[in-house]
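Peer 1: Got a structure for you, written out below as structure tokens; questions coming shortly.
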Amino acid sequence: MRTLGLVAAIVIGIIVLTGVVAAVGSGSDNTGETVRASQWADDVCGTAGTWQGELKDLRKEINESTYGARDNDGGSGDVVEHVVFVRSIVPRTIAATHDTLLRGLDRAGIPDANQGKQAALILRNWAVQTQNALVVVHRAYRHRPKTTSTAFASIAGAATVLGQSAVKGHAAFKQVSALDPALADAINGSRNCSDLMKEQP
Amino acid sequence: MKKILLVAITALVLATAGFAGGSIFENGVSSAAQLASSVDSTSTKSTAATATAAPVEEAPPPDSTSSSDWALIAIEGLVVIGFIALGVRSGGIGLGLWGGVGTLILVFVFGLEPGTPPFDAMLIIVAVISAAAAMEAAGGVEFMVQVASKALRAKPKAINFAAPYVSYLLCILTGTSNTFYSIIPVINEVSYANKIRPERPLAGSTVASAVGITSSPVAAAMATILPLVEVYHYELTDVLLITIPASLIGIFVMCLVMSRHGAELEHDAVYQARIASGEVQPPAPAVEVELKPYAKRSVAIFLTAVFVICLFGFFDGLRPTVMGEDGGLEPLSVTPIIQMVMLTAAAMILLFAHVKAGDVPGMPIFRSGMVAMIALFGIAWMADTFIANNEDAIVSALGDLASRWPFMIAIAVFLVAALTTSQSAATRTMIPLGLALGIGAGYMIAIWPAVMGVLFLPANGTQIAAAEADQTGTTTLGKHVVDHSFQLPLQICWIVTALAGIAIVAIFGL
């Protein structure tokens, strides 16, 4: 009887947690909808910042993949138990770009401004171009490189795409600002955007 | 009644997995396509002076999982679960041996690439049991038990609360639950000597060490989450202000439940059977124990080693630097430091506590530690072989689940951690997804302790070591894979911690 009570308590706990998450932060999907420009700016800059954070994490994993340097949280299947190969990073950057950047930009919706749809499309195009370029790199080098030169080329390919993407990302945000003063105000007034723009591409 | 718990949890997992798996077969209209087409149709009408951008077509992401792939993944998953079940029923090194058979089948029958055995955890177990067994040979364990028993005389059950908080603190200081191995023998011996059911403090402490990861400023998972939330103005202090109080509350509730969980030791059927068969000796009254001459010295050396590990873990400036992959210098990781310091402690105990090296392997702690290592070797290798080959598909399915129903994000984080047995993997894959879904960064941080879901399956080193250390048989890895001793404290702790974190964020506006 006591076990039954515990099971019931756990199930109720999960239901309550799910309900609380739904109530306080179930996420806002504004895909295709018009939203306030300030909210849109916060959302797109937050999304771009999170994506950049994922790239920083990937860089850190590569930098610290030697036995002595890598951290271990203690999980027996912990990723840090493995050696991280640069080649394996490319699919992860594609996933990050698709799942975080593209999905986040779409969910941010369309800013309530004269050129709102154009602004959303400029940022989306930047994300799609980044993803497409990474997919091209992945297709070319998805198999284990047979020569040293091919191996280095695969590293260079992904690095070049991400480097160019960072520059193009900044350019895209500037282009959006130039579309409409309302958008420029929204971007300049967003804390997320000001933090994002501090990062050098 | 355990069967009810088993059925309820299994049903929940299968329902969620089926939900996630099924949803990816559906051909929903892409939200991106909607936006692109809406922009496309209107952009031609735009009269703005600015140049109009044309939508760029999205290339299909590589390696999408087909329905036949999913069937194969499901069969492989059943093989893994089946061999874990065989292993836990067999017990002892049987867990590792059946894990090895499972790995063989996954590689030769299903053609998977072999995963990586958990070398770090295995080597830490070897190093820690060397030191702990040397201390036991010197009589140090008896001394520690005596001291702890005196301290606990008024309230022996306080170990049910003290042990989890100590293991939580150790994990915070060192950034890895690998430190927990060093106190497993101590918790077991102290609780047994005080006739406390060892399952209570051992299972609670194992879970507390896992939740400690999200409260530690030096953990790998913390280093992973910080770049993801910094754009939302959450620094390390902000994260800790949410996770530490929430974890303290979660651990307290867990301890409260665990302190009343299960039969008292003298009424436990399995324990009584072991006593009757002579497999385990009843605890000797503390007054009857005559200490060996260098017992205190061995304890001092052992505890100094634990303290030194904490120092190195918390202050990375004390650590020597090693070469990183990019040619830069990085502080030496805590993992090899634990191994080096514990092996050194063992050597110092041999030297200064006058223990014969030949006596150490004969100690019960050494035997149970070696069994734990072999068990971990096979079972974690099999799990990793499955995960390494299917991680992208698993994460993608659960990510899809969260995308469709963002309120399921906490459960998705928990399940990703459970199926990858990695806090870092769950953090790096699910936290950005939640943020991209528009869930506030504060709430995502509150939900983040769900990564303690790594303990959902009995495939972690700390679980196996704790179960093997407990000779009374109360701490078990279960008979049906999910009905292990750690399940109840795990479920209580993650749910309460997440709810407390959400409340902290909502109330204090963090």
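The values are calculated or read from the model by the stated rules, or taken from the named source; none is laboratory data. All figures in this text were calculated on a predicted structure; none of them were measured in a lab. Cβ placement follows ideal geometry from the backbone for every residue including glycine, while neighbour counts extend to all protein chains displayed.
Peer 1: Go through region A:15-28 and give me each residue that's closer than 14 Å to residue B:503 by Cα and crowded, with 16+ Cβ neighbours inside 10 Å.
Peer 2: Of all residues in region A:15-28, those closer than 14 Å to residue B:503 by Cα come to A:16-25.
Those that are closer than 14 Å to residue B:503 by Cα and crowded, with 16+ Cβ neighbours inside 10 Å: A:17, A:18, A:20, A:21, A:24, A:25.
Peer 1: Select from region B:162-179 the residues that are among the β-branched types (Val, Ile, Thr) and within 13 Å of chain A (Cβ to nearest Cβ) and write down the one among them that is farthest from residue B:246 (Cα to Cα). Before the answer, list the steps.
Peer 2: Restricting attention to region B:162-179, the residues satisfying the condition of being among the β-branched types (Val, Ile, Thr) are B:166, B:172, B:174, B:176, B:179.
Filter once more, so that each one left must be within 13 Å of chain A (Cβ to nearest Cβ): B:172, B:174, B:176, B:179.
Values: B:172: 14, B:174: 20, B:176: 19, B:179: 22 Å.
Result: B:179.
Peer 1: Could you check, for region B:453-464, whether at least one of its residues is at the interface with chain A (Cβ under 7 Å from one of its Cβ atoms), β-branched (Val, Ile, Thr), touching a residue at least 24 places away in the same chain (Cβ under 8 Å) and under 29 Å from residue B:262 (Cα atoms)? Step through it out loud before you land on a result.
Peer 2: First pass over region B:453-464, keeping only residues at the interface with chain A (Cβ under 7 Å from one of its Cβ atoms): B:454, B:459-462.
Now restrict to residues that are β-branched (Val, Ile, Thr): B:454, B:462.
Next, from what is left, pick out any that are touching a residue at least 24 places away in the same chain (Cβ under 8 Å): B:454, B:462.
Still in the list and also under 29 Å from residue B:262 (Cα atoms): B:454, B:462.
Looking through region B:453-464, at least one residue is at the interface with chain A (Cβ under 7 Å from one of its Cβ atoms), β-branched (Val, Ile, Thr), touching a residue at least 24 places away in the same chain (Cβ under 8 Å) and under 29 Å from residue B:262 (Cα atoms).
Peer 1: Looking at residue B:67, is it within 26 Å of residue B:474 (Cβ to Cβ) and surrounded by fewer than 19 Cβ atoms within 10 Å (Cβ to Cβ)? Quick ask: steps written out before the conclusion?
Peer 2: Working: within 26 Å of residue B:474 (Cβ to Cβ): no; surrounded by fewer than 19 Cβ atoms within 10 Å (Cβ to Cβ): yes.
When the stated conditions are applied, residue B:67 does not pass them.
Peer 1: Do any helices (runs of 4 or more DSSP H) lying entirely in region B:193-260 carry at least 2 residues that are at the interface with chain A (Cβ under 8 Å from one of its Cβ atoms), and which ones are they? First the steps, then the outcome.
Peer 2: On the way: elements: B:199-211, B:220-229, B:236-258.
Here the list reads B:199-211, B:220-229.
Peer 1: Among (1) in contact with a Leu (Cβ under 8 Å, 6 or more places away or on another chain); (2) more than 28 Å from residue A:67 (Cα to Cα), there is one condition residue B:264 misses while meeting the rest; what is its number?
Peer 2: (1)
Peer 1: Would you call residue B:245 surrounded by fewer than 19 Cβ atoms within 10 Å (Cβ to Cβ) and within 24 Å of residue B:368 (Cα to Cα)?
Peer 2: no
Peer 1: Working only within region B:217-276, note down all residues that are in contact with a Cys (Cβ under 6 Å, 6 or more places away or on another chain) and under 16 Å from residue B:157 (Cβ atoms). Steps first, please.
Peer 2: So in region B:217-276, the residues in contact with a Cys (Cβ under 6 Å, 6 or more places away or on another chain) come out as B:250, B:254.
Result: B:254, single match.
Peer 1: Looking for something in contact with a His (Cβ under 8 Å, 6 or more places away or on another chain), among the β-branched types (Val, Ile, Thr) and either surrounded by fewer than 24 Cβ atoms within 10 Å (Cβ to Cβ) or part of a helix (DSSP H, G or I) (or both) - is there at least one such residue anywhere in region B:469-491?
Peer 2: Yes: one or more hits.
Peer 1: Among B:322, B:341, B:371, B:308, which is the only one that is part of a helix (DSSP H, G or I) and in contact with a Gly (Cβ under 8 Å, 6 or more places away or on another chain)? Write out each step before concluding.
Peer 2: On the way: B:322 fails: part of a helix (DSSP H, G or I); B:341 fails: in contact with a Gly (Cβ under 8 Å, 6 or more places away or on another chain); B:308 fails: in contact with a Gly (Cβ under 8 Å, 6 or more places away or on another chain).
Exactly one residue qualifies, and that residue is B:371.
Peer 1: Return the total of residues in region B:116-161 being away from chain A (no Cβ under 14 Å), part of a helix (DSSP H, G or I) and of a type in the set (A, V, I, L, M, F, W, C). First the steps, then the outcome.
Peer 2: So in region B:116-161, the residues away from chain A (no Cβ under 14 Å) come out as B:126, B:129-161.
Keeping just the survivors that are part of a helix (DSSP H, G or I) gives B:126, B:129-137, B:140-151, B:156-161.
If we keep only those that are of a type in the set (A, V, I, L, M, F, W, C) too, we end up with B:126, B:129, B:131-135, B:137, B:141, B:143-145, B:147-148, B:151, B:158-159, B:161.
Residues in region B:116-161 being away from chain A (no Cβ under 14 Å), part of a helix (DSSP H, G or I) and of a type in the set (A, V, I, L, M, F, W, C): 18 in total.
Peer 1: Check residue B:279 against each of (1) at pLDDT below 85; (2) over 26 Å from residue B:153 (Cβ atoms); (3) not in a loop (DSSP other than H, G, I, E, B) and name the one condition it does not meet.
Peer 2: If we test residue B:279 against (1) at pLDDT below 85; (2) over 26 Å from residue B:153 (Cβ atoms); (3) not in a loop (DSSP other than H, G, I, E, B), just (3) comes out false.
Peer 1: Are any of the residues in region B:298-312 in contact (Cβ under 8 Å) with a residue 60 or more places away in the chain and on the phi > 0 side of the Ramachandran plot?
Peer 2: No, every residue in region B:298-312 fails to be in contact (Cβ under 8 Å) with a residue 60 or more places away in the chain and on the phi > 0 side of the Ramachandran plot.
Peer 1: Being surrounded by 24 or more Cβ atoms within 10 Å (Cβ to Cβ) and among the aromatic types (Phe, Trp, Tyr) is the filter here, so list the residues in region B:159-179 that pass it.
Peer 2: Matches in region B:159-179: B:168 only.
Peer 1: Mind checking whether some residue in region B:405-421 is within 19 Å of residue B:175 (Cα to Cα) and at the interface with another protein chain (Cβ under 7 Å from one of its Cβ atoms)? Don't jump to the end; show me each part of the working.
Peer 2: Let us first name the residues in region B:405-421 that are within 19 Å of residue B:175 (Cα to Cα), namely B:417, B:421.
Remaining after also requiring at the interface with another protein chain (Cβ under 7 Å from one of its Cβ atoms): B:421.
There is at least one residue in region B:405-421 that is within 19 Å of residue B:175 (Cα to Cα) and at the interface with another protein chain (Cβ under 7 Å from one of its Cβ atoms).
Peer 1: What single numbered condition from (1) among the aliphatic types (A, V, I, L, M); (2) part of a loop (DSSP other than H, G, I, E, B); (3) under 30 Å from residue B:353 (Cβ atoms) fails to hold for residue B:263?
Peer 2: The one condition residue B:263 does not meet is (3).
Peer 1: Still on this structure, please answer the following. Please find, within region B:140-179, the residue that is farthest from residue B:461 (Cα to Cα) out of those that are hydroxyl-bearing (Ser, Thr, Tyr) and modelled with pLDDT of 90 or more. Before you say what the answer is, go through the steps one by one.
Peer 2: Step one: filter region B:140-179 for residues hydroxyl-bearing (Ser, Thr, Tyr), giving B:149, B:165, B:167-168, B:174, B:176-177, B:179.
From the residues that got through so far, the ones that are modelled with pLDDT of 90 or more too are B:165, B:167-168.
Numbers: B:165: 19, B:167: 15, B:168: 16 Å.
Selected residue: B:165.
Peer 1: Do we find a residue being surrounded by 24 or more Cβ atoms within 10 Å (Cβ to Cβ), closer than 25 Å to residue B:120 by Cβ and in contact with a Ser or Thr (Cβ under 7 Å, 6 or more places away or on another chain) anywhere in region B:439-450?
Peer 2: yes
Peer 1: Identify all residues within region A:29-47 that are in a helix (DSSP H, G or I) and either of a type outside the set (A, V, I, L, M, F, W, C) or surrounded by fewer than 18 Cβ atoms within 10 Å (Cβ to Cβ) (or both); write none if there are none. It would help to see each step written out before you state the result.
Peer 2: If we filter region A:29-47 for residues that are in a helix (DSSP H, G or I), which is where we start, we get A:37-47.
Within region A:29-47, A:38, A:39, A:42, A:43, A:46, A:47 qualify.
Peer 1: Continuing with this model, one more query. Name the one entry in B:366, B:312 that is touching a Leu at 6+ places or on another chain (Cβ under 6 Å) and surrounded by 13 or more Cβ atoms within 10 Å (Cβ to Cβ).
Peer 2: Details: B:366 fails: touching a Leu at 6+ places or on another chain (Cβ under 6 Å).
After applying the criteria, what remains is B:312.
Peer 1: For residue B:182, are the conditions met, namely being more than 9 Å from chain A (Cβ to nearest Cβ), crowded, with 22+ Cβ neighbours inside 10 Å and at pLDDT below 90? Quick ask: steps written out before the conclusion?
Peer 2: Values: more than 9 Å from chain A (Cβ to nearest Cβ): yes; crowded, with 22+ Cβ neighbours inside 10 Å: yes; at pLDDT below 90: yes.
Spelling it out, residue B:182 is indeed more than 9 Å from chain A (Cβ to nearest Cβ), crowded, with 22+ Cβ neighbours inside 10 Å and at pLDDT below 90.
Peer 1: Is at least one residue of region B:325-333 acidic (Asp, Glu) and not in a strand (DSSP E or B)? Write out each step before concluding.
Peer 2: The initial filter retains those residues of region B:325-333 that are acidic (Asp, Glu), namely B:325-326, B:330.
Retained after the next criterion (residues that are not in a strand (DSSP E or B)): B:325-326.
Yes; the residues of region B:325-333 include at least one that is acidic (Asp, Glu) and not in a strand (DSSP E or B).
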